[in-house]
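Participant: Quick one: structure below, then a few questions.
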Amino acid sequence: MCGSRWWSRRCSQSDDGYVTAEAAVVLPALVVLLGAALWAIAVAGAQVRCVDAARDAALAAARGEPDAAVVAAAKMAGPPGCDIEVSRQGDRVVVTVRARIGPASGALAAIPAPVAQSTAVAESETGG
């Protein structure tokens, strides 16, 4: 079919290299997108761990356990390097867990490191 005049012009123009060039443009974008997705999953996981840590610590404090045991329970359930704050307001125990998520790297380094935080409140079972 390349024998006709129209087809001969079309067949002489080579498409070699276009696929390589398109792949060279698309692949880095896909790598950045994958990195962003994995980082978002890590942030969501840290948030879930903060929620679990605050809940566990509030229940331990409500049972009347000492603050050292409450903080230890939160540290065990929370993300690494989390900060725990325990306060008592009458018969209520309030526990706040905060964790700074490590900054992203590469093209995502411009995004500020987020902070995962959760607060749990429990009624004291010991009556104060």
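Participant: Report whether or not THR119 is in contact with a strand residue (DSSP E or B) (Cβ under 8 Å, 6 or more places away or on another chain), in contact (Cβ under 8 Å) with a residue 24 or more places away in the chain, of a type in the set (S, T, N, Q) and not in a helix (DSSP H, G or I).
Facilitator: Taking the combined requirement at face value, the residue satisfies it.
Participant: Further, regarding this structure: Is there a residue in segment 61-76 that is out of contact with any helix residue (DSSP H, G or I) (no Cβ under 9 Å at 6 or more places or on another chain) and part of a helix (DSSP H, G or I)?
Facilitator: The answer is yes; a qualifying residue exists.
Participant: Are there any pairs with C-beta distances below 9 angstrom linking a residue in segment 24-48 that is at negative phi and in contact (Cβ under 8 Å) with a residue 40 or more places away in the chain to a residue that is part of a helix (DSSP H, G or I) and surrounded by 12 or more Cβ atoms within 10 Å (Cβ to Cβ), with the two at least 6 apart or on different chains, and if so which?
Facilitator: If the second residue must be part of a helix (DSSP H, G or I) and surrounded by 12 or more Cβ atoms within 10 Å (Cβ to Cβ), the pairs left are VAL32/ALA107; VAL32/LEU108; GLY35/ALA107; GLY35/LEU108; ALA36/ALA107; ALA36/LEU108; TRP39/LEU108.
Participant: Okay, next question. Only one residue in ALA58, ALA68 is over 24 Å from the mean Cα position of the chain (by Cα), at negative phi and either at pLDDT 95 or above or not polar (S, T, N, Q) (or both). Which one?
Facilitator: Step by step, each of ALA58, ALA68 is checked, and only ALA68 is over 24 Å from the mean Cα position of the chain (by Cα), at negative phi and either at pLDDT 95 or above or not polar (S, T, N, Q) (or both).
Participant: Which residue pairs have Cβ atoms under 6 Å apart, sit 6 or more places apart or on different chains, and have a first residue in segment 52-74 that is over 10 Å from VAL93 (Cβ atoms) and a second that is charged (D, E, K, R) and surrounded by fewer than 21 Cβ atoms within 10 Å (Cβ to Cβ)?
Facilitator: Here the result reads ALA73/ASP56, each pair linking segment 52-74 to a residue that is charged (D, E, K, R) and surrounded by fewer than 21 Cβ atoms within 10 Å (Cβ to Cβ).
The values are calculated or read from the model by the stated rules, or taken from the named source; none is laboratory data. These numbers come from a predicted model, not from an experiment. Here Cβ is always computed from backbone atoms with ideal geometry, including for glycine, and neighbour counts include all displayed protein chains.
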